Every structure is written in C-alpha cells, then in structure tokens.
Ligand code: F6R
C-alpha cells in the first residue's frame, strides 16, 4: 500500500526520493508525487496519476541543489486515483505539505470544522485534512511545527504514517506513525524516512523503527528527537539492517515473481538453517524456546492470518493436529477481530504475516493480547510491527519478497509451521521415533526436490499456453493439499485476472460440479497417498462432464497420470511435506498464464503488497 520516502541531508535529495519511490513500487500504488524545498524555501509539489515514470516525465528536469524532499506512492482510499488526490497534499497556505499512509477515520468531522474556519479543500483526501489541521493549530497556538503535528495527531482517530515538511521550517522533517509502518535511516548528517527499509538499505544500515504514537523530528544538523504524542521523550533504539541491496534487485530475472519462485530451494533451506540438525535429529527454534512448554500444554492453538498467509495457516492446522495432537483453530484475522471470539489465557495464538504490517492481523493480535493469550509471530520482514508486538516468534528468513503475489514467503511459512509441529510432536511424544526421523530426512531433501520441480517449468509453460484464454479455473485438493488448491487459485486470479476457485475435492459434488463443462480447466492436486482413490473418483466425475484435468501427481503414480488430460509429475515425498512441492507448479502455471495474457506479474492491478488499511 502507500509508500513513503523522505530525505534531509547534504546530498541531492530528488534522485534519492525518486529511487526510493521505485523501490517502494512493489507495495502497490496508483499515483505518485514528490515535494521539495527550493533554495529560496519555496515548496514545490509534483504529482501524477500512474507509475513513478509518469511522475518523472512530469518533472521534466530533475531539480538540483535540493537537500530536503519527500515522495509518496498512493494506493487510493479516500478519493479516486488522480493527480489532485495524489500526495503530497498541501495546506491551504501552501506552506505545509504532508504524505500519509493509512486512514483517518474522523476526517470528515475535522474537515467540517476547518471549513467553518474558512479552509478550502481541493482534494477528496483525508491527508489534506491533516495538512490543514496542522496549519490551523500552528497559527492558533503559535507553536513550532513538531508541536503542531503532535497536537494535531492527538485530534485524529485512525491509522497513519506521515511525513510533514514546511517552508517555515526548512531544516527539518517531522514524521509520525500509528498502525502504519515508518522507518528512520540514520546516515552521516542525513536522515531517510520510509515505509520500509527498501529505500534506505543502499544508503545506510542504521535504522530506528518508530513505534506507534511516536513522532520524530529529523534535522539537517544531524540531530533527531523522538517523542510520544503525549510529549514524552523516547530513547531511540538503533538497529542494523540485515538486508543487502542485491536482495532488492531482479538479478537477471525478467520479473521479481519469477526470481522469487526460483529462489525457493534456497529460501526453504534458509528457513531451516540452524534449526534442523539432521545428524543429531533435533529441531531448535530459538525464537520460541521459552514458549515451548506453553505451546505443548496449550488447550488450543489459534492461527491468524490473511490471504496467502492464511493458506499457510490452514496447512499449519493439519500439521499441529496430525503430528502434535493439539486442537487448532484457523481464522482470518479480519473476521476474528470482529466476531467477539472466545480467547483464554492458556490459548496460544500464532499470527502469520509476510510483511508483518497487515493491519487486520495486527488488530487481531492486540485483541488476543488484551484477553491474556500468548501471541507468537511468524514473520518474514525483520523488525516489522508484528514481529515487535508479539511475545516471541520465528522469522521465516525468505529475504525481501518484492513480487506482490506471495511465493517464497509462503513456502517459508509452511516450513516453519512444519518445524514447529514436529518439535512439539517430539516433545509431547505424539510421533514415533521412526516417523519423526523419516520426516526429518525428507524435509532435508525438500530444497533439492523443489529444484527438480523448477526444471519442468517448460512443460508447465506449454500447459499455460493451452489454457491462457480460459475464463474460469477450478482447483481441487484434499487434506494437506486442500489449502494448496486455495493458494493455487489465488495465485492465478491475482496475477492473471482469471476467475479461479479452490475447493476441497470432495466438496465439488456439493455445488461447483454444476460449473463443469468442456470449457472448464480443473487443476487437481493428486499427490496424496492417503486419498488417492478418492481423488481418482473426483477426476472421473470431472471427466464425465468433459472438464479438462490438469493433475499434479507424484512421480510413478501411473493411474491418475493416465486419466488426466495434462499431468505434471513432481517428486514423491512424505504426505505432510507435499504442499512444499505441489505449490511450485501452480505458482509457475499462474506466472506463465499471466505473462501470456500481458498482465503485470509483479504489480497486479488493485493489489498492494502490504495491506496497511482495514
Ligand atoms: C497473495 C498475497 C496476499 C497476502 C496477504 C497477507 O499473494 O500476498 O494475500 O498474503 O495480504 O499479507 P501478509 O502475509 O503480509 O500479512
């Protein structure tokens, strides 16, 4: 969602901002803008609907000798995506400009009050309301900019990450956050402000993650001050970024999504590194060590997430119940938070999030914490809000995921859930020694087996060519591979815009079968040993109605291969690990279909990488 970037220091600010905006493109946006202070302290604002390149064309010449500037990529919430609603937004006097990520819930009440005081509004945004509110407070109370921002934020209800620049205060930028992320990069007499670390990493590794309801003033004399909105001074905690610039580049691939699909042998290995010790037959998850006992004795584990991470949670449900015999409930974070759930202190909640910034997941965590439950996190982005508001957790270590469609983060999440379930099963004695060691040996082979699946990409590309014009797709799977049917369908619909539904295979008879005719491709994940005969029957039912079967089968499983119109053979593995392999061909299929349909694979329409609004 919206991306924020700001710079104050001695270097040329505009290239830093434009480059930063490009780094933030992956978050999803529909307009972009930039504001800077000229040498004579006049504020200049340029904004444009569309991509950052449109903004650059609109700028014509890149201004030089600029040392303070802010930039924004907007994902429309209040008001259509157009030039006027794009950020930065200016105050009525033109002296204050604001960029904002989030939603101000009481903006219309504040707007009405400001209109009564003579303020005119040009945009439909809640952000312009913040700019004018700051201006009003500053002139009413005669306070400095940072104080006016602080007082203004005491009046607003909602979520925000903002950066404020004023021509009356040319030596500083003010930033603040509540529920939307904001990172401060600290260089030599220079500061960077951004929604995440991606625009910062090429300039400095020293960062401070701003906490909720904190305001920072960064100045061009190299000083900065963090306060809470209650006016308490905070001591900053400076961290070192564990991210390299190469991780943010396409590295020879045409698209980030393709790169990330191909990284999976490595990222799955990275998720297990230092955690799975095959020789000793042990699993250790340092991040949750102190909570093992609590988990083992939990009457219930509640898994909370959204989207792809929710699909990983569904696999977690199978794993924890099957291996560790702990009852599990899986919920969409957005539903959980609004359904008055029963949460007990002994419950352990595990929140799963790639970005660690999903607003609904954050709110669900806060709710669970307020009821006394222990909350653990499984996050990919180091230092993200969810990783900080949970009691403990495990990072997935998949590295930055730039493609909007989640791929490597998903397999990393499933890997962590597998390790957790195995660890608990071993400690609880709910798994036999033989089975435990068999799974460990197989888990260690998964990266190589993913590598083998990637080698059949050409075959999958041919299948994609056959079905690229389909209008609907059905995905069917059972047990561990039911969530894979959901995830395969989600991958296809989000990047190719083809309508796709995932279903438990047995549910087909209860409705979706009505859709099947010769136009309907049906992807069947048929690797499960346990439900092989049942899946075979489902395939027969589809074939009887002339649906086209694309089957994902385990090598050597002849029967389904023969029945299917197209069979994609993947290596055999333990059933509980099969999702880690069966999702790979579905990611590749979605990727090729989207590409053949001319879609923007990395930045699908309307989607945001990190969903920081409800
Ligand atoms: C789909 C996708 C989304 C995210 C969802 C949750 O490919 O990426 O469905 O999984 O928005 O995001 P995180 O995991 O960052 O909480």
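Taking residue 391, is it surrounded by 20 or more Cβ atoms within 10 Å (Cβ to Cβ) and away from the ligand (no atom under 15 Å from the Cβ)? Answer is no for this residue.
What are the residues in region 165-196 that are buried (at least 24 other Cβ atoms within 10 Å of the Cβ), more than 17 Å from residue 20 (Cα to Cα) and modelled with pLDDT of 95 or more, if any? 165, 166, 174, 176, 177 - these are the residues of region 165-196 that are buried (at least 24 other Cβ atoms within 10 Å of the Cβ), more than 17 Å from residue 20 (Cα to Cα) and modelled with pLDDT of 95 or more. Among the conditions (1) closer than 28 Å to residue 608 by Cα; (2) more than 16 Å from the ligand (Cβ to nearest atom); (3) in contact with a helix residue (DSSP H, G or I) (Cβ under 7 Å, 6 or more places away or on another chain), the only one that residue 296 does not satisfy is (1). When residues in region 213-258 are screened for being without any contact (Cβ under 8 Å) to a residue 40 or more places away in the chain and buried (at least 20 other Cβ atoms within 10 Å of the Cβ), 2 of them pass.
Residue pairs whose Cβ atoms lie under 8 Å apart, sitting 6 or more positions apart in sequence or on different chains, and linking a residue in region 398-427 that is in the same structural domain as residue 256 (by TED's automatic domain parsing) and over 25 Å from residue 245 (Cβ atoms) to a partner that is within 11 Å of the ligand (Cβ to nearest atom) and at pLDDT below 95, do not occur here. Got at least one residue in region 549-557 being surrounded by 22 or more Cβ atoms within 10 Å (Cβ to Cβ), in contact (Cβ under 8 Å) with a residue 24 or more places away in the chain and within 16 Å of the ligand (Cβ to nearest atom)? No, the conditions are met nowhere in region 549-557. Reported count of residues in region 254-288, each being closer than 17 Å to residue 417 by Cβ and part of a helix (DSSP H, G or I), is 10.
Taking residue 319, is it within 16 Å of the ligand (Cβ to nearest atom), part of a helix (DSSP H, G or I), under 26 Å from the mean Cα position of the chain (by Cα) and touching a residue at least 40 places away in the same chain (Cβ under 8 Å)? The answer is no for residue 319.
Residues of region 406-441 that are farther than 16 Å from residue 324 by Cβ and either part of a loop (DSSP other than H, G, I, E, B) or more than 16 Å from the ligand (Cβ to nearest atom) (or both): 406, 407, 434, 437, 438, 441. When region 24-48 is filtered for residues that are surrounded by fewer than 23 Cβ atoms within 10 Å (Cβ to Cβ) and over 24 Å from residue 93 (Cα atoms), the ones remaining, listed by number, are 25, 28, 30.
In region 567-586 there is at least one residue matching the filter, namely being over 23 Å from residue 466 (Cβ atoms), modelled with pLDDT of 95 or more, within 16 Å of the ligand (Cβ to nearest atom) and surrounded by 19 or more Cβ atoms within 10 Å (Cβ to Cβ).
Here is a yes/no grid of residues against (1) surrounded by fewer than 24 Cβ atoms within 10 Å (Cβ to Cβ); (2) within 16 Å of the ligand (Cβ to nearest atom):
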| site | (1), (2) |
| --- | --- |
| 323 | yes, no |
| 327 | yes, no |
| 330 | yes, yes |
| 334 | yes, yes |
| 338 | yes, no |
| 347 | yes, no |
| 360 | yes, yes |
| 374 | yes, no |
| 377 | no, yes |
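The values are calculated or read from the model by the stated rules, or taken from the named source; none is laboratory data. Model, not experiment: these values are computed from the prediction. Please note: Cβ atoms are built from the backbone with ideal geometry, for glycine as well, and neighbour counts cover all protein chains shown.
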